[in-house]
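Chemist: First the structure, then my questions, so here it is.
The values are calculated or read from the model by the stated rules, or taken from the named source; none is laboratory data. Computed from a predicted structure; not experimentally measured. Cβ: placed from backbone, ideal geometry, glycine included. Neighbour counts: every protein chain shown.
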Amino acid sequence: MTTTPVWLITGATSGFGNAIAREALSRGHHVIATARQAAKLSDLKEAGAAVLDLDVTSDEATLAAIFAKASAIHGRITHVANCAGYILEGTIEEASQKEVFDHYNTNVFGTFNIARAATPHLREAAKTPGQMTALATFGSLGSWRSGPAVAHYCSTKWAVSGLTEGLAQELQPFGISVCCVEPGYTRTGFLNQGDHRVVAARQLDVYRGTDAARTREALSAYDNNQPGDVEKCAKVIVDVLTKEGVAKGRDVPVRLVLGPDCVDVIREKCESTLELLKEWEDISRSTAHDS
């Protein structure tokens with residue numbers, strides 16, 4: 001017999017994390033909303049969520065303690081959505097080692113950290129007959145297409161999508177579903193300069209007038225004008241991770257693509273990759289050992 005889902009959500013102050021929390025609460029689910037500063041989660045607390053401080057870059061012992069504390073609130077954790085992340089804007093030459101490390105530390109290492117800390121709790125919850133458990137990571141349209149001035153960000157999302165594929169296979173024997181959400185451009189505050197859009201401190205004049213500069217301009221133009229609706233996305237995400245609504249009767253996909261722009265990018269990427277493979281296939285196959 002299933003129990004009421006208990007969600008632990010990182011990066012819940014805004015964007016996808018906040019929208020998923022609100023959607024889950026609207027369905028009567030329990031939500032433990034987390035952020036580096038839980039004081040910024042007053043809106044979710046007022047809506048009925050428990051709130052905790054959680055920095056995805058914390059050490060293993062700290063994260064284990066936070067998850068233990070979270071699990072004690074409702075006696076279990078059945079769903080985890082790791083929504084923490086940001087975009088680093090800058091060319092490879094411009095961004096410093098520290099800026100790049102910090103970016104990977106949150107987007108990639110943070111994903112590993114949350115998965116590592118969450119797995120024992122999800123495995124324990126999955127022992128309840130009929131109880132669904134799920135872990136969601138966040139990739140992006142950038143998991144499929146990179147570009148100038150955003151290569152750091154896109155590479156972190158490629159990494160997250162890749163690690164999620166392996167994680168899904170690792171946790172499948174325990175009855176834990178794992179899904180990488182890959183949204184296109186979605187109307188949140190993600191592209192606002194600040195916490196979620198960090199611009200490299202060094203900007204070189206040599207990149208003026210190049211594709212890198214045009215990418216930066218495009219990000220600013222897209223800011224607050226993205227075609228995706230985060231509330232619609234959150235509804236689908238909660239449906240998929242609970243196998244309700246539009247996902248009823250379906251298995252949880254290892255990749256959940258959201259937004260027509262992301263669908264178009266992936267289709268074009270697959271088609272162009274197949275064309276590239278066809279063009280070079282004879283050369284690629286010629287490198288096999290003669291034996």
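Chemist: Examine region 127-146 for a residue that is modelled with pLDDT of 95 or more, assigned to a helix (DSSP H, G or I) and either acidic (Asp, Glu) or more than 26 Å from Ser272 (Cβ to Cβ) (or both), and state whether such a residue exists.
Modeler: Among the residues of region 127-146, not one is modelled with pLDDT of 95 or more, assigned to a helix (DSSP H, G or I) and either acidic (Asp, Glu) or more than 26 Å from Ser272 (Cβ to Cβ) (or both), which makes the answer no.
Chemist: Examine region 97-109 for a residue that is acidic (Asp, Glu) and farther than 20 Å from Val160 by Cβ, and state whether such a residue exists.
Modeler: No - not one qualifying residue is present in region 97-109.
Chemist: Test of understanding: among Leu25, Leu44, Leu63, which residue is hydrophobic (A, V, I, L, M, F, W, C) and within 27 Å of Tyr153 (Cα to Cα)?
Modeler: Leu63
Chemist: Follow-up question, since we're still on this one. For Leu41, all conditions in the list (1) within 22 Å of Val108 (Cβ to Cβ); (2) touching a strand residue (DSSP E or B) at 6+ places or on another chain (Cβ under 8 Å) hold save one; what is the number of the exception?
Modeler: (1)
Chemist: For residues that are more than 19 Å from Val198 (Cβ to Cβ) and of a type outside the set (S, T, N, Q), scanning just region 142-157, find the one that is surrounded by the fewest Cβ atoms within 10 Å (Cβ to Cβ).
Modeler: For region 142-157, the residue satisfying everything is Arg145.
Chemist: Follow-up question, since we're still on this one. Can you name the residue in region 237-268 that is among the basic types (Lys, Arg) and surrounded by 14 or more Cβ atoms within 10 Å (Cβ to Cβ) and is also nearest to the chain's Cα centre (by Cα) among such residues?
Modeler: Residue satisfying both the conditions and the ranking: Arg255.
Chemist: Which of (1) surrounded by 13 or more Cβ atoms within 10 Å (Cβ to Cβ); (2) without any contact (Cβ under 8 Å) to a residue 60 or more places away in the chain; (3) under 20 Å from Asn18 (Cβ atoms) does His196 not meet, given it meets every other one?
Modeler: The number of the failed condition is (2).
Chemist: Name the residue, out of Ala149, Ala213, that is of a type outside the set (Lys, Arg) and part of a helix (DSSP H, G or I).
Modeler: One residue alone meets the criteria, Ala213.
Chemist: Write out, first by first residue and then by second, each pair whose Cβ atoms fall under 7 Å of each other, whose residues are 6+ apart or on separate chains, and whose first residue, in region 267-278, is more than 10 Å from Trp144 (Cβ to Cβ) while the second is assigned to a helix (DSSP H, G or I) and not aromatic (Phe, Trp, Tyr).
Modeler: That search, which allows pairs on different chains as well, returns nothing.
Chemist: Would you please name the residue that is nearest to Arg145 (Cα to Cα), looking only at residues in region 176-202 that are part of a loop (DSSP other than H, G, I, E, B) and touching a Leu at 6+ places or on another chain (Cβ under 8 Å)?
Modeler: Selected residue: Gly184.
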